[in-house]
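Comments concern the structure below.
All of the numbers you see were taken from the coordinates with simple rules; none came from a lab. Because the structure is predicted, anything quoted here is derived from the model rather than measured. Note that each Cβ is placed from the backbone with ideal geometry, even for glycine, and that neighbours are counted across all protein chains shown.
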Amino acid sequence: MPLKIELKPHESIIVGDALITNDNDRIRFYIDGKVPILREKFILREKEATTPARRVYFIVQQMYLSKGDKQLQQIFIEYIRDLQKAAPSLRPFVATIAESVIVSDYYAAIKAAAKLIEQEDKIFGSALKGK
């Protein structure tokens, strides 16, 4: 069964390795097939990966879009090691992400990484964002 997508005006979506940005009108289309898809609310751009948790999210996002690139997995391991050293209290969140990555469920890892960002924000607030 195809996935129905509706985009608001100027909303973006990633389908495979293509960024699609809607024009001025609301649009509906269907995607049939197995391809990574990220709606705009889940897209983190590289310039926004400014904290340890956001870097983890970004690399997990890249793994999802590339279907598990091995080089990205090495970077992921480095990022989570650094994060666990800097903030041991975040280990349970990191473990959930790592478990999803191990079984190649990158979409679940993205959702878990979003929770990691929320927790990082609660603990460190705006101090990590340079505000």
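When TYR79, TYR64 are screened for being more than 13 Å from the chain's Cα centre (by Cα), crowded, with 17+ Cβ neighbours inside 10 Å and over 17 Å from ILE123 (Cα atoms), only TYR79 passes.
Got at least one residue in region 85-97 being surrounded by fewer than 20 Cβ atoms within 10 Å (Cβ to Cβ), small (Gly, Ala, Ser) and without any contact (Cβ under 8 Å) to a residue 24 or more places away in the chain? Yes, region 85-97 contains at least one residue that is surrounded by fewer than 20 Cβ atoms within 10 Å (Cβ to Cβ), small (Gly, Ala, Ser) and without any contact (Cβ under 8 Å) to a residue 24 or more places away in the chain. Candidates are the residues of region 6-28 that are surrounded by fewer than 10 Cβ atoms within 10 Å (Cβ to Cβ) and assigned to a strand (DSSP E or B); the one that is farthest from the chain's Cα centre (by Cα) is ARG28. Please tell me if VAL101 is closer than 25 Å to ALA18 by Cα, of a type in the set (A, V, I, L, M, F, W, C) and out of contact with any Pro (no Cβ under 7 Å at 6 or more places or on another chain). So VAL101 fits the description; yes. Of everything listed in (1) touching a Leu at 6+ places or on another chain (Cβ under 8 Å); (2) among the basic types (Lys, Arg); (3) over 27 Å from ILE13 (Cβ atoms), the single unmet condition for ARG54 is (3).
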